[in-house]
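Student: Could you have a look at this structure, given as structure tokens, before my questions?
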Amino acid sequence: MRHRNKGRILQRKKGPRVALLRSLLRSLILHKAIVTTTARAKEIRPRVEKLVTRAKTGTLANHRYITGEIGLEAAKKLRDDIAPNSKDRKGGYTRIVKHGVRKSDAAQQSHISFVD
């Protein structure tokens, strides 16, 4: 039984899954929009929203946490560009728009981007 086990497994073991999610977070923050499968987009949405909320407060502990999660370059862009644009929002920093299916394996594709 999977009681109280959140998250999608994405057909990967824990290590590759964590690496994939960090890479998706980093790409979303650096490029402000990415195209990925719907399951992956739904999985990274709450994670990126929590990172933006932490970046808005701007404490040293939050900056260190964000840097540990996504790296220095992405953390700097999040703190300097994305968080100030979302200062007046209380949540809902990202938007997921469904595209269609991928030709090779018919996976549902989605476009995830920041609202501002």
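The values are calculated or read from the model by the stated rules, or taken from the named source; none is laboratory data. This structure is a prediction, so every number in the text was calculated from the model and none was measured. So basically every Cβ, Gly included, is an ideal-geometry build from the backbone, and we count neighbours across all protein chains shown.
Student: Can you say whether residue 86 is free of Cβ contacts under 8 Å to residues at least 12 places away in the same chain, polar (S, T, N, Q) and more than 19 Å from residue 9 (Cα to Cα), as far as the supplied structure shows? Please lay out each step first, then the result.
Tutor: Numbers: free of Cβ contacts under 8 Å to residues at least 12 places away in the same chain: no; polar (S, T, N, Q): yes; more than 19 Å from residue 9 (Cα to Cα): yes.
Here the answer is no, as residue 86 does not meet what is asked.
Student: For residue 18, indicate whether it is outside any helix (DSSP H, G or I), within 16 Å of the chain's Cα centre (by Cα) and within 30 Å of residue 101 (Cβ to Cβ). Full working, then the answer.
Tutor: Values: outside any helix (DSSP H, G or I): no; within 16 Å of the chain's Cα centre (by Cα): yes; within 30 Å of residue 101 (Cβ to Cβ): yes.
Answer is no for this residue.
Student: Ok, one more. What number of residues in the stretch 24-57 are more than 16 Å from residue 6 (Cβ to Cβ) and of a type in the set (D, E, K, R)?
Tutor: Summing the residues that are more than 16 Å from residue 6 (Cβ to Cβ) and of a type in the set (D, E, K, R) in the stretch 24-57 gives 4.
Student: Residues being within 12 Å of residue 93 (Cα to Cα) and of a type in the set (S, T, N, Q): count how many of those fall in the stretch 36-81.
Tutor: 1
Student: Then there's this: Among the residues of the stretch 69-99, count how many are part of a strand (DSSP E or B) and either among the hydroxyl-bearing types (Ser, Thr, Tyr) or at pLDDT below 95 (or both). So that I can check it myself, show each step before the final result.
Tutor: Narrowing the stretch 69-99 to residues part of a strand (DSSP E or B): 94-99.
Narrowing further to those that are either among the hydroxyl-bearing types (Ser, Thr, Tyr) or at pLDDT below 95 (or both): 94, 99.
Selection size over the stretch 69-99: 2.
Student: Check 57, 37 and return the single one that is over 17 Å from residue 112 (Cβ atoms), surrounded by fewer than 19 Cβ atoms within 10 Å (Cβ to Cβ) and β-branched (Val, Ile, Thr). Walk me through how you get there before you give the answer.
Tutor: Numbers: 37 fails: over 17 Å from residue 112 (Cβ atoms).
Answer to the check: 57.
Student: Within the stretch 40-54, which residues are more than 22 Å from residue 87 (Cα to Cα), surrounded by 16 or more Cβ atoms within 10 Å (Cβ to Cβ) and not small (Gly, Ala, Ser)?
Tutor: Here is the first cut: in the stretch 40-54, the residues more than 22 Å from residue 87 (Cα to Cα) are 40-43.
After this cut, where a residue has to be surrounded by 16 or more Cβ atoms within 10 Å (Cβ to Cβ) as well, the list is 40-41, 43.
Result: 40, 43.
Student: Using beta carbons and a limit of 8 Å, which pairs, at least six apart or on different chains, have the first residue in the stretch 103-116 and assigned to a loop (DSSP other than H, G, I, E, B) and the second one among the acidic types (Asp, Glu)?
Tutor: Note: no pairs meet the criteria.
Student: Being exposed (fewer than 14 other Cβ atoms within 10 Å of the Cβ) and aliphatic (A, V, I, L, M) is the filter; apply it to the stretch 70-106 and report the residue that is nearest to residue 54 (Cα to Cα).
Tutor: 72
Student: Shifting gears a bit: Residue check: is residue 19 hydrophobic (A, V, I, L, M, F, W, C), surrounded by fewer than 16 Cβ atoms within 10 Å (Cβ to Cβ) and touching a residue at least 40 places away in the same chain (Cβ under 8 Å)? First the steps, then the outcome.
Tutor: Numbers: hydrophobic (A, V, I, L, M, F, W, C): yes; surrounded by fewer than 16 Cβ atoms within 10 Å (Cβ to Cβ): yes; touching a residue at least 40 places away in the same chain (Cβ under 8 Å): no.
No; evaluated as a whole, the condition is false for this residue.
Student: While we're here: Inspect all residues belonging to the stretch 43-52 and state whether any of them is in a helix (DSSP H, G or I), at negative phi, in contact with a strand residue (DSSP E or B) (Cβ under 6 Å, 6 or more places away or on another chain) and basic (Lys, Arg).
Tutor: yes
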